[in-house]
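Inspection log for the structure reproduced underneath, given as structure tokens.
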Amino acid sequence: MIRRFMLVIAALATTTAPAFAHLNPEEHGSFMAGFSHPLFGLDHILVMVAVGLWAAQIGGRALWVVPSAFVGTMALGFGLALAGIGLPFVEPAILASVVALGLLVAMAVKLDTVASAAIVAVFALFHGHAHGGELGSAGAFQFGVGFVIATALLHVAGIALGLGIARASGGAVVSRIIGGLTAAAGLLLAFG
């Protein structure tokens, strides 16, 4: 089962490319452009699923508080970008989020729910800002709704994956391996 799961992860990783997540700004502005945006970039997928996996590792209220903090703060970052309020180091922070969240999953770090939510919220601010910075103002609402829903669904997928793995024999090890692979992929994206 573990071998089959790792093959599925490898297949998914090879079918995405970060460049596809960044659409031509003239094509932005629709719900479908916003919805598809997080689904076509490896950095987006890795972070969103890692947030769900980490929430599943922590358990309890973190199952909904941690992903909700990410989605809510991402929307705030989106709004800041649309308002013309800049943030420094947006792209490096996004790449750092892949590595950091991967490491949190790999090390099975269990912080209290508020601290965990605060960590993901910091990274989410940069993710949202990047979305808004690429968009401009045309169709911002529809695009924003689309990417918020897709992000939430990726979090749910990560939670489901984490809970499913936890039920399997050796599941804790599999989650940690996925976290390590996520962090390694983040390093490859940053330096590759």
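Every residue, every condition in (1) surrounded by 18 or more Cβ atoms within 10 Å (Cβ to Cβ); (2) among the hydroxyl-bearing types (Ser, Thr, Tyr), yes or no:
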position: Gln142; (1), (2): no, no
position: Thr151; (1), (2): yes, yes
position: Gly162; (1), (2): yes, no
position: Ser175; (1), (2): yes, yes
position: Leu188; (1), (2): no, no
position: Gly192; (1), (2): no, no
| task | May I ask you to list pairs of residues, at least six apart or on different chains, whose Cβ atoms are under 8 Å apart, with the first in the stretch 100-128 being over 12 Å from Gly72 (Cα atoms) and buried (at least 18 other Cβ atoms within 10 Å of the Cβ) and the second being among the hydroxyl-bearing types (Ser, Thr, Tyr) and modelled with pLDDT under 95? | result | Val105/Ser175
| query | If Ala166 passes every condition in (1) surrounded by 17 or more Cβ atoms within 10 Å (Cβ to Cβ); (2) touching a Ser or Thr at 6+ places or on another chain (Cβ under 8 Å); (3) under 17 Å from Gly60 (Cβ atoms) but one, which one does it miss? | reply | (1)
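Return the total of residues in the stretch 97-114 being in a helix (DSSP H, G or I) and under 23 Å from Ile165 (Cβ atoms).
Looking only at the stretch 97-114, we keep the residues that are in a helix (DSSP H, G or I), and these are 97-106, 113-114.
Retained after the next criterion (residues that are under 23 Å from Ile165 (Cβ atoms)): 97-106, 113.
Total meeting the criteria: 11.
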| Are there any pairs, at least 6 apart or on different chains, whose C-beta atoms fall under 8 Å, with the first in the stretch 45-73 and farther than 25 Å from Gly170 by Cβ and among the basic types (Lys, Arg) and the second at pLDDT 95 or above and assigned to a helix (DSSP H, G or I), and if so, which? | Arg61/Thr113
| task | Would you tally the residues in the stretch 82-99 being modelled with pLDDT under 95 and crowded, with 18+ Cβ neighbours inside 10 Å? | result | 1
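Is it true that Ile177 is out of contact with any helix residue (DSSP H, G or I) (no Cβ under 7 Å at 6 or more places or on another chain), touching a residue at least 40 places away in the same chain (Cβ under 8 Å), farther than 16 Å from Ala69 by Cα and of a type outside the set (D, E, K, R)?
Details: out of contact with any helix residue (DSSP H, G or I) (no Cβ under 7 Å at 6 or more places or on another chain): yes; touching a residue at least 40 places away in the same chain (Cβ under 8 Å): yes; farther than 16 Å from Ala69 by Cα: yes; of a type outside the set (D, E, K, R): yes.
In short, yes.
The values are calculated or read from the model by the stated rules, or taken from the named source; none is laboratory data. No experiment lies behind these values; they were computed from the predicted model shown. Every residue, glycine among them, receives a Cβ derived from its backbone with ideal geometry; neighbour counts consider all protein chains shown.
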